[in-house]
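Following: one structure in structure tokens, then a few remarks.
Only the coordinates and a few stated rules stand behind these numbers; no lab work does. Note that the coordinates shown come from a computational prediction; the quantities given were computed from them, not determined experimentally. Note: ideal-geometry Cβ built from the backbone for every residue, glycine included; neighbour counts use all protein chains shown.
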Amino acid sequence: MYQIIDGKAISTSLKEELKEKVTALKEQGIEPCLAVILVGEDPASTVYVNNKKKACEFIGIKSLSYELPETTTQDELLALIEKLNADDSVNGILVQLPLPKHIDEDAVIGAISPLKDVDGFHPQSVGSLCIGRKGFVSCTPAGIIELLKRSNVEIEGKECVIIGRSNIVGKPMALLMLRENATVTVCHSRTKNLKEVAKRADILIVAIGKPKMITAEYVKEGAVVIDVGIHRLEGKKLCGDVDFDDVAPHTSAITPVPGGVGPMTIAMLMKNCVDSVIFE
Ligand code: NAD
């Protein structure tokens, strides 16, 4: 029988722990503060931002909300980031992506102080992760490490195959698994013999963006499977990049969609916010 890795329960415990930490910090007169910037009115981004604000409220992190019109210029946005960088009462700065097309995302990410880069997207944060220095780590991959550890999945020495090489999931995931002493292979859209490579994995992490693409043929018997994908099917049901019903009986543990990786992303953002206080 396989174990279902319960991201909802694990993220709830993590948030409870963070709440206790924040209460202790407040007793010392320290109040973590996250500035959240949203440009435009993209409905999905609005939902994400509201969920982040709710999580801050639950944990006791002060959140400052900047909801800017779609017409905001890049210079105006950069000026706001500059102001927040210089504000000692702000520990973390989050700019919700994607930004409107007339704004250069790289310029905006690069303008956030690495000391306040709670999303872990700044090139300095990525570089620090690469060479094992202290810095913020992208929330989804960091959440997956937390899921594995809290589910007692051993990582050291294991064959880990990651499918997907995006900057926010696949690449930082590979670096984190290396840091945990796994043997890491990264696959992508040009990988040949994907099934054979994926079948080598003791731990298979899938971040492709293709609904139910990974079937049992890609999975070694007894592997641990982590599904990062999230898709809304007709009828509004959610599914991942992994065909759960086909794959699960062949695994020793697997994350469901919803309720697997998803809830960990916000919980890790909150962890980064709390950690940002000690980065000062
Ligand atoms: P992306 O589109 O940036 O990257 C997809 C990667 O998959 C690419 O590296 C590409 O080479 C690879 N790929 C595409 N087709 C492939 C194929 N046929 N075979 C092998 N590799 C293939 O996507 P992303 O931002 O990394 O996100 C991936 C999925 O994870 C999406 O469904 C996204 O919605 C989801 N996601 C979920 C969370 C969360 O919190 N749960 C966070 C981020 C992303």
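What is the angle, in °, between the Cα long axis of helix 74-86 and the longest principal axis of the Cα atoms in the chain? Nearest 10 is fine, range 0 to 90.
That works out to roughly 80 degrees.
Which cross-chain or sequence-distant (5 or more) residues have an amide H under 5 Å from the amide H of GLY40, H modelled 1.01 Å from N in plane?
Amide H neighbours of GLY40: LEU68, GLU70.
If you keep only loop residues by DSSP, which trypsin sites (Lys or Arg not before Pro) in region 64-132 have at most 13 other Cβ atoms within 10 Å of their Cβ?
Here the sparse-neighbourhood loop sites are LYS101.
Roughly how compact is the chain, stated as its Cα Rg over 2.2 N^0.38 Å to two decimals?
Rg over 2.2 N^0.38 Å, computed on Cα atoms: 1.02.
Which of VAL108, ASN50, GLN28 sits closest to the plus end of the dipole of region 28-114, meaning its Cα is farthest towards the positive end, when Lys and Arg get +1 and Asp and Glu get -1 on the C-beta?
Checked the options; the winner is GLN28.
Build a GNM of the chain with springs between Cα atoms under 10 Å: which of ILE59, ILE144, ILE203 gets the top mean-square fluctuation?
ILE59
Taking +1 at the Cβ of each Lys and Arg and -1 at the Cβ of each Asp and Glu, which of HIS122, ILE162, THR265 sits farthest along the dipole of the chain towards its positive end, judged by Cα position relative to the Cα centre?
ILE162
Give the separation of the Cα centroids, region 1-79 to region 239-280, in Å.
16
Which whole-Hz couplings ³J(HN,Hα) result when phi for each residue of region 253-268 is put into the Karplus expression 6.51 cos²θ - 1.76 cosθ + 1.60, θ = phi - 60°, listed in order with x for Gly and Pro?
7, 8, 8, x, 10, x, x, x, 5, x, x, 6, 4, 5, 4, 6
At 7 Å along Cα-to-Cβ for each site, give me the label-to-label distance between GLN3 and GLN124 in nm.
Between GLN3 and GLN124, the label points sit 3.9 nm apart.
Return the aspartates and glutamates within reach of LYS192: Cα separation strictly under 20 angstrom, same-chain partners fewer than 8 residues apart disregarded; answer none if there are no such residues.
GLU159, ASP202, GLU217, ASP241
Most exposed first by the Cβ proxy, i.e. fewest other Cβ within 10 Å, how do VAL184, VAL224, VAL206, VAL197 rank?
Starting with the residue having the fewest Cβ neighbours, the order is VAL197, VAL184, VAL224, VAL206.
For helix 43-59, what angle does its Cα long axis make with the longest principal axis of the chain, in degrees from 0 to 90 and rounded to 10?
Value to nearest ten degrees: 80.
Report the normalised scattering of region 28-114 as log10 I(q)/I(0) at q = 0.15, 0.22 Å⁻¹, calculated by the Debye formula with identical scatterers on the alpha carbons.
-0.55, -1.11
Sequence-distant or interchain residues sharing an amide H contact under 5 Å with ILE205, placed H: which?
Amide H to amide H, under 5 Å and 5 or more residues apart or across chains, ILE205 pairs with VAL161, ILE162, ILE163, ILE226.
List the residues, sorted by chain then number, that are 5 or more residues from VAL95 or on another chain and whose placed amide H is less than 5 Å from its amide H.
Result for VAL95 returns ILE37.
Tilt of helix 7-27 relative to the longest C-alpha principal axis of the chain, in degrees (0 to 90, nearest 10)?
Helix 7-27 and the main axis of the chain meet at about 30 degrees.
Under a point spin-label approximation (7 Å from Cα along Cα-to-Cβ), what is the ALA107-GLU31 distance to one decimal in nm?
3.5
At 0.36 nm per residue, minus the direct Cα-Cα distance, what do ILE278 and GLN74 gain on full extension? Give it in nm, one decimal, please.
70.4 nm is the gain from fully extending ILE278 to GLN74.
Only residues of region 102-121 count here: report those whose backbone N is under 19 Å from the spot 7 Å along Cα→Cβ of LEU64, or say none.
Counting only backbone N, you get 108-120.
Kindly provide the trypsin sites (Lys or Arg not before Pro) of region 147-238 that DSSP labels as loop, not H, G, I, E or B, and whose Cβ sees at most 12 other Cβ atoms within 10 Å.
ARG190, LYS192, LYS236, LYS237
What ³J(HN,Hα) values, in whole Hz, does the Karplus curve 6.51 cos²θ - 1.76 cosθ + 1.60 give for region 94-109 when θ = phi - 60°, with x put for Gly and Pro?
Along region 94-109, the couplings run 10, 9, 5, 9, x, 9, x, 4, 7, 10, 7, 4, 4, 5, 5, 4 Hz.
How much length would be gained if the chain were fully extended between HIS188 and THR12, taking 0.36 nm per residue of separation minus their Cα-Cα distance, in nm to one decimal?
Stretched out fully, the HIS188 to THR12 stretch lengthens by 60.1 nm.
What size of dipole, in debye to the nearest 20, comes out for the chain about its Cα centre when the only charges are +1 on Lys and Arg C-beta atoms and -1 on Asp and Glu C-beta atoms?
In total the dipole reaches around 620 debye.
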